[in-house]
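Chemist: Here you go, one structure.
The values are calculated or read from the model by the stated rules, or taken from the named source; none is laboratory data. Quick caveat, the model's predicted, so the values are computed rather than measured. Virtual Cβ from ideal backbone geometry, glycine too; neighbours counted across all protein chains shown. To get the accessible areas, we keep the full protein, side chains included, count just its heavy atoms, and leave off ligands, DNA and RNA. Shrake-Rupley method; radii C 1.70, N 1.55, O 1.52, S 1.80 Å.
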Amino acid sequence: MTVFGMTSTGPWGAFLTAFALSASLILAIGAQNAFVLRQGIRREHVLAVVLICAFSDAILIAIGVGGFSAIVRSAPWLEPAFTYGGAAFLVWYGFRSLRDAWKGGSTLEPSQDKLTPLRDAVLTCLALTWLNPHVYIDTVVLVGSVSAQFQSPFAFAAGATLASFLFFFALGYGARLLAGLFARPRSWQVLDALVGFTMLAIAIKLLIA
């Protein structure tokens, strides 16, 4: 398989796959994204919040990609195990997103309470990021396992990290433009559907690579 004239396992293919995977994972509705969106809509400590989220992802992605590369070299049998495991998780995640899109009903209505102190905002953001087990599943386990399929771990990590930075900055600083849009359940249905189909597409590519 080729991507823009380059093999899917080459640097460009690794970068694009990682970018799509990371974007799909962080697009899913969750407490962390809801908090970033809330802070963005209220214009409270937006830079601090998005930097914490983005750099936390970068650290975890580096651990996942670097750790899995070293482990796979010492234990080659782990690569197919994590390939099928990662694909299974992607399929489950994708169908869950499609189910949520079909059911609908999700909305986000940020509260209008008093100004949040910077210290409280930082601590809350750190807790939502580092105390959430799904963060480790998404970055260290899933991103790390998929990266083992590629010969360019640096390109893979760069693609995943760039997607994280772009998403959190866009979410934080563009949130006030989305406040009315994402108060409607239909918007979340479209978003969940896009996430679901992207996850399934990546799972298929992972299995047939």
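Chemist: Restricting the range 39-89 to residues that are open to solvent by 60 Å² or more (accessible area, probe 1.4 Å) and aromatic (Phe, Trp, Tyr), which is farthest from LEU27 (Cα to Cα)?
Modeler: This residue is TRP77.
Chemist: Which of the residues spanning the range 32-76 are in a loop (DSSP other than H, G, I, E, B) and modelled with pLDDT under 80? Spell out how you get there, then give the answer.
Modeler: Within the range 32-76, the first condition is being in a loop (DSSP other than H, G, I, E, B), and the residues that meet it are 43-45, 75-76.
Hits for the range 32-76 are ALA75, PRO76.
Chemist: For HIS134, work out the one condition from (1) modelled with pLDDT of 85 or more; (2) surrounded by fewer than 16 Cβ atoms within 10 Å (Cβ to Cβ); (3) not aromatic (Phe, Trp, Tyr) it doesn't fulfil.
Modeler: If we test HIS134 against (1) modelled with pLDDT of 85 or more; (2) surrounded by fewer than 16 Cβ atoms within 10 Å (Cβ to Cβ); (3) not aromatic (Phe, Trp, Tyr), just (1) comes out false.
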